[in-house]
There are 2 protein chains.
Amino acid sequence: MNYQFAARMSNMPESFIERLFSLSSKPGVISFAGGLPSADLLDVEGLKSAAVSVFEDEGSEALQYTTTDGYLPLREYIADRYNKRLGLNAGSDEIRIVNGSQQCLDLVAKIFTDPGDCIGMERPGYLGAIEAFSLYEPEFATVGLSDDGIDTVEFEDLVCKKNPAFFYGIPNFQNPSGRTYSQETRKKIGEILEGSSTVFYEDDAFGELAFDRKPRIPVKAFAGENGIMSGSFSKIIAPGMRIGWIYAPAEIISQFDSAKQAADLHSNFLCQKIMARYLWDNDLDSHIRKITSVYSARCRVMLDIMDDLFMDRLTHTNPEGGMFMLAGLPAGISSLTLFERALAENVAVLPGVPFYAGSGGLDNIRFNFSNADEEMIKTGMERLDAALRSLGV
Amino acid sequence: MNYQFAARMSNMPESFIERLFSLSSKPGVISFAGGLPSADLLDVEGLKSAAVSVFEDEGSEALQYTTTDGYLPLREYIADRYNKRLGLNAGSDEIRIVNGSQQCLDLVAKIFTDPGDCIGMERPGYLGAIEAFSLYEPEFATVGLSDDGIDTVEFEDLVCKKNPAFFYGIPNFQNPSGRTYSQETRKKIGEILEGSSTVFYEDDAFGELAFDRKPRIPVKAFAGENGIMSGSFSKIIAPGMRIGWIYAPAEIISQFDSAKQAADLHSNFLCQKIMARYLWDNDLDSHIRKITSVYSARCRVMLDIMDDLFMDRLTHTNPEGGMFMLAGLPAGISSLTLFERALAENVAVLPGVPFYAGSGGLDNIRFNFSNADEEMIKTGMERLDAALRSLGV
């Protein structure tokens, strides 16, 4: 058959996400390639109790159709937490529930991007965003990322010259680099955006996973109507329930609603109710403390090995939270080659390549430290050492 | 703020779905406008048991990320049911799980439609499809629908002259008309498509709701590689869980996977597991018999009132299943006027207008008969009678 596929489909980058998920599950492989929360930190009992309560108290409502905007008590909880934790002034009418924050990437690009329009992103940037955005056939414009966040000179230049409808970034514990924007960078972004018609789309999937438990002031606090945020329960409660959200000004929410309704009517109502019930009945902060103390320890182990075992062979970022760090490779070693060689040693790492909207990423690899325990991290890093040595490094 | 929204957003028809959902829930209003399954037919206890089993036996897996394709045992169940019930030859690798079959509308349009491309549809056609497709800026080409299904002469003309990438239709108990394609029409569609590069996208959301419990041979059986189907558990188990699927040839599935992954990574895994468990532990056929006997009785009551009370004032279709019928209005009465007048009498009906990709629908209204019990149907129809009389009919 000669199916008539749309031009946008040939614009899709080769998908790494699916491949890395299947690699992660290959028996015997220690995977630093995925982005999975640690399975033993999922509160199965707590969520089960919440589910039972929902079925008993409001089962037939939870199983029925609902409205596109999302469950109001859940949106109120999210707004309230933003306001208390980050000093924002969010209303529940500015919050919408989506199927995991990945859906925000699709819908935000959908409402803002005509073919050929410019989308701004970090370099390197989140690969799931590159995939989602690519289907809207944009011209990507990237801004370099260092330990302080995006380069604000480059960013200002981009906003002035290309006037993108939005710039997408992850200011906290970025994926893939683990880097965090300094407060100065955040403030400067707000200043640059003032008076422009560019929106800073701040993906805060990892913000709650600060090792020091201190909230960072979001870019949104400096950007006002030029800022939107997305968030997710995937990293702090359970990814399998696919509950994320967007927080945006009313005018954007109105367009977002049209796109969300056309996309799938509404998000899973049963899980929205279970999540809301869980949040009422449990202490989220205490749960997050448990997660961050484990991830922080795992990150520390990985960093120590980086410094001891790999010394001058690999450079690395120093995450203050989240689930990832980025390592730089010595000259002459391709991340794609190391990926294959490491896999032969039964350890999976992710080449930087899919994190670049243009070319790049041959000289770095992403490490996930949330999903392997400390023993596995040690063993995995030893295997990586063997892979590097086999490449003469 | 002067946000830079994409051109496609101005292509969006005025949304009726959201409005009718809010109308449906206004106290005192009897609604024939929505498309909700009857709440008292939801098997809350059965789904609760399934949920408890999932949490107990495989909770941490169900709460974790999974792959884009969907839960394999659920896909196997769907393929198996297609093969046993409809005599198809589906494999689980041709089935993908989505967030309710509305998501298929979005993703199918996404993989097939460049701006200006032709999309074929029934006239009248499903409003959720018009909304989803509109965001891909197509040129709609519609084919008239009568009691035998789409007009195959018009359809052949469309396929030959416009060569659309796909034609979207609902052969069983169509939304909004309640009409069902004859077997002759289905066969003819298969013949017309042979050798063409047009796909018939067969939305079978209602196929299980045949009042006579007899399966109709799907268009897919005649169209082969030119056929794709979508289905849903929303009408037979629970819409709030948002579990639907697509069944398509491998080459389409491959593109679909890319689009689905970019859209939201994967569908809610917890609910996929709960659904699969529910299907293993319960007799779906017996549950469906219960639903169809209720809907069939409600449809009968509505049809009798149509014939007795409205006689020569309203014409109507004669559904063999599903949840909807379409009524034709007398000359000079606008469906939009009747909609407003009926609402003043505390009964909601849906004007035909949003079911037309071009103009149309001022002379008909859609009735839902699944969500109001027989007493409510009687009362609601009396209120409608009052509304009609107030318009001099």
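Numbers at a glance
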item: Quarter of Cα convex hull surface for the protein assembly as shown, i.e. mean projection, nm²; result: 31.9 nm²
item: Karplus (6.51, -1.76, 1.60) ³J(HN,Hα), θ = phi - 60°, over the range B:87-100, in Hz, Gly and Pro reported as x; result: x, 7, 10, 7, x, 4, 6, 9, 10, 10, 8, 10, 7, x
item: Part-to-part distance (alpha-carbon centres) for the range B:185-233 and the range B:72-137, which is given in Å; result: 11 Å
item: Positions from the range B:108-123 whose accessible area shrinks by 20 Å² or more when the full protein complex is built, not the chain alone, probe 1.4 Å; result: B:Lys110, B:Ile111, B:Phe112, B:Asp114, B:Pro115
item: Shielding by partners, peptide B:267-273 (average Cβ within 10 angstrom, other chains); result: 6
item: Accessible area per residue, Å², the protein assembly as shown with all protein chains present, probe 1.4 Å; result: 33 Å²
item: Using θ = phi - 60° and Karplus 6.51 cos²θ - 1.76 cosθ + 1.60, couplings along the range B:222-231 (whole Hz; Gly, Pro as x); result: 9, 9, x, 5, 8, x, 10, 10, 10, x
item: Chain A - charge dipole about Cα centre, Lys and Arg +1 at Cβ, Asp and Glu -1, debye rounded to 20; result: 420 debye
item: Percent RCO, i.e. relative contact order, over the range B:208-316, from Cα pairs under 8 Å lying at least 6 residues apart; result: 27 percent
item: Burial order of peptide ranges B:64-75, B:259-270, B:239-250 (average beta-carbon count within 10 Å, highest first); result: B:259-270, B:239-250, B:64-75
item: Most positive-pole-ward Cα, B:Ile246, B:Gly224, B:Leu193, against dipole of the range B:141-278 from beta carbon charges; result: B:Ile246
item: Share antiparallel - DSSP beta bridges, the range B:61-281, percent rounded to 5; result: 40 percent
item: Threshold 50 Å² - residues in the range B:49-91 whose accessible area is reduced by that much or more when the chain is no longer isolated, probe 1.4 Å; result: B:Phe55, B:Ser60, B:Leu63, B:Gln64, B:Tyr65
item: Among B:167-179, B:352-364, the order from most to least packed when residues are scored by Cβ within 10 Å on average; result: B:167-179, B:352-364
item: Shape of the range A:167-311, Cα gyration tensor, a/c cut at 1.5; result: oblate
item: Cβ-based charge dipole, the range B:61-281, positive-most Cα from B:Pro115, B:Pro164, B:Ala90; result: B:Ala90
item: Over chain A, relative contact order from alpha-carbon pairs under 8 Å, at least 6 apart, %; result: 23 percent
item: Nearest-20 debye value, the range B:40-120 charge dipole, Cβ charges on Lys, Arg, Asp, Glu; result: 280 debye
item: Per-residue SASA entry for A:Glu375, accessible area with 1.4 Å probe, Å² rounded to 10; result: 120 Å²
item: Interface area, B with A, accessible, probe 1.4 Å, both sides summed, Å² nearest 100; result: 7300 Å²
item: Counting DSSP beta bridges with both ends in the protein assembly as shown, the antiparallel % (nearest 5); result: 55 percent
item: 7 Å along Cα→Cβ, label-point gaps from B:Leu336 to other copies, nm, shortest first; result: 5.7
item: Other copies of A:Leu284: label-to-label distances in nm, shortest first, labels 7 Å along the beta-carbon direction; result: 3.6
item: For A:Gly87, inter-copy label distances in nm, listed shortest first [label point 7 Å out on the Cα-Cβ vector]; result: 7.2
item: Positive-pole candidate from A:Leu42, A:Phe32, A:Ile274, dipole of chain A, charges at beta carbon; result: A:Phe32
item: Debye, to nearest 20: dipole size of the range B:172-273, +1 on Lys, Arg Cβ, -1 on Asp, Glu Cβ; result: 420 debye
item: Cross-link pairs A:Lys273/B:Lys273; A:Lys273/B:Lys84; B:Lys162/B:Lys188; A:Lys273/B:Lys214; B:Lys84/B:Lys273; A:Lys84/B:Lys260 - those with Cα-Cα distance over 26 Å; result: A:Lys273/B:Lys84; A:Lys273/B:Lys214; A:Lys84/B:Lys260
item: Fraction of beta bridges assigned by DSSP in chain B that are antiparallel (%, nearest 5); result: 55 percent
item: Value of [θ]222 nm, deg cm²/dmol, for the protein assembly as shown, DSSP H segments ≥ 4, -39500 (n - 2.57) each, nearest 500; result: -13000 deg cm²/dmol
item: Residue-averaged beta-carbon neighbours from other chains (10 angstrom radius) around B:33-45; result: 3
item: The range B:61-281: Cα Rg divided by the 2.2 N^0.38 Å rule of thumb; result: 0.96
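The values are calculated or read from the model by the stated rules, or taken from the named source; none is laboratory data. Please read these numbers as outputs of a predicted model, since none were measured by experiment. Glycine gets a Cβ as well: all are built from the backbone with ideal geometry, and neighbour counts include every protein chain shown. Quick note on the areas: whole protein, heavy atoms, side chains included, nothing else; ligands and nucleic acids left out. Shrake-Rupley method; radii C 1.70, N 1.55, O 1.52, S 1.80 Å.
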